[in-house]
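A.B. asks: Before I ask anything, here is the structure I am working with.
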Amino acid sequence: ETGVTQTPRHLVMGMTNKKSLKCEQHLGHNAMYWYKQSAKKPLELMFVYNFKEQTENNSVPSRFSPECPNSSHLFLHLHTLQPEDSALYLCASSSNPSGGPFTDTQYFGPGTRLTVL
Amino acid sequence: AQKVTQAQTEISVVEKEDVTLDCVYETRDTTYYLFWYKQPPSGELVFLIRRNSFDEQNEISGRYSWNFQKSTSSFNFTITASQVVDSAVYFCALSIIGDGGSNYKLTFGKGTLLTVNP
């Protein structure tokens with residue numbers, strides 16, 4: 001099932017480059033998430049968007065800039081990254097019943113493997 | 001604060017063996033969800049199951065079964081007659097059900113790497 005897609009799947013960039021990661025969900029969900037998965041570390045929640053509004057920024061450095069133009073698309077703009085930012089970046093989405101807490105299951109995309117040289 | 005512990009970092013079995021992946025969780029909340037996700041080498045986290053804290057019934061889905069015991073705060077996952085395609089990292093996770101706006105937060109364990117050898 002390809003309910004959540006991410007592009008590119010692999011990205012190599014220098015520290016001075018600017019690039020963007022894209023996530024698209026085809027599940028009719030209205031909440032979207034960015035996670036970072038580094039080697040030997042638990043998954044880290046970075047950002048959360050609910051109905052296009054950012055509801056969570058988990059102390060993420062400003063060199064990561066999210067954008068959510070609509071409920072189906074989520075971007076992560078990258079600039080002046082550091083080698084320690086190399087990781088797998090996962091996007092997820094879930095439904096959010098209007099007016100209620102959004103506890104529904106999160107469905108993940110395949111991730112973008114980012115390498116910063 | 002919530003915590004999920006997967007004490008088994010790596011497990012290696014031979015095909016057709018049964019294998020159990022352990023998950024122990026900590027939370028002061030009385031209502032929560034527990035999850036298992038599978039992450040094959042391709043990277044995608046595949047949702048396997050969600051369990052409500054009110055429902056302690058064990059669940060079976062094909063070769064997969066889950067044993068939820070609130071008394072020991074455990075939510076273990078058993079694969080029966082393992083296959084090479086089961087090789088992956090398996091994550092246990094917890095989220096709190098409540099009235100607040102942060103119920104989406106998943107607390108993940110560190111994962112267990114399962115290798116099934118032919």
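The values are calculated or read from the model by the stated rules, or taken from the named source; none is laboratory data. Everything quoted here is computed from the prediction, not taken from an experiment. Cβ sites come from the backbone with ideal geometry, for glycine too, and all protein chains shown count toward neighbours.
A.B. asks: Tally up the residues in region B:13-58 that are small (Gly, Ala, Ser), in contact with a strand residue (DSSP E or B) (Cβ under 8 Å, 6 or more places away or on another chain) and more than 11 Å from B:Phe75 (Cα to Cα), please.
C.D. replies: 1
A.B. asks: Inspect all residues belonging to region B:17-38 and state whether any of them is under 22 Å from A:Phe108 (Cβ atoms), in contact with a Ser or Thr (Cβ under 9 Å, 6 or more places away or on another chain), more than 14 Å from chain A (Cβ to nearest Cβ) and touching a residue at least 60 places away in the same chain (Cβ under 8 Å).
C.D. replies: yes
A.B. asks: On to the next question. Applying the selection to region A:38-57, what residues are within 12 Å of B:Leu106 (Cβ to Cβ) and either away from every other protein chain (no Cβ under 11 Å) or not charged (D, E, K, R) (or both)?
C.D. replies: Within region A:38-57, A:Pro42, A:Leu43, A:Leu45, A:Val48 qualify.
A.B. asks: Does region B:48-58 contain any residue that is touching a residue at least 40 places away in the same chain (Cβ under 8 Å), touching a Lys or Arg at 6+ places or on another chain (Cβ under 8 Å) and over 23 Å from B:Thr27 (Cβ atoms)?
C.D. replies: no
A.B. asks: Related question: So B:Lys110 fits all but one of (1) under 13 Å from the mean Cα position of the chain (by Cα); (2) surrounded by 13 or more Cβ atoms within 10 Å (Cβ to Cβ); (3) modelled with pLDDT of 95 or more; what number is the exception?
C.D. replies: Failing condition for B:Lys110: (3).
A.B. asks: Scan region A:43-79 for residues that are touching a His at 6+ places or on another chain (Cβ under 8 Å), among the charged types (D, E, K, R) and more than 12 Å from A:Cys23 (Cβ to Cβ) and report the count.
C.D. replies: 1
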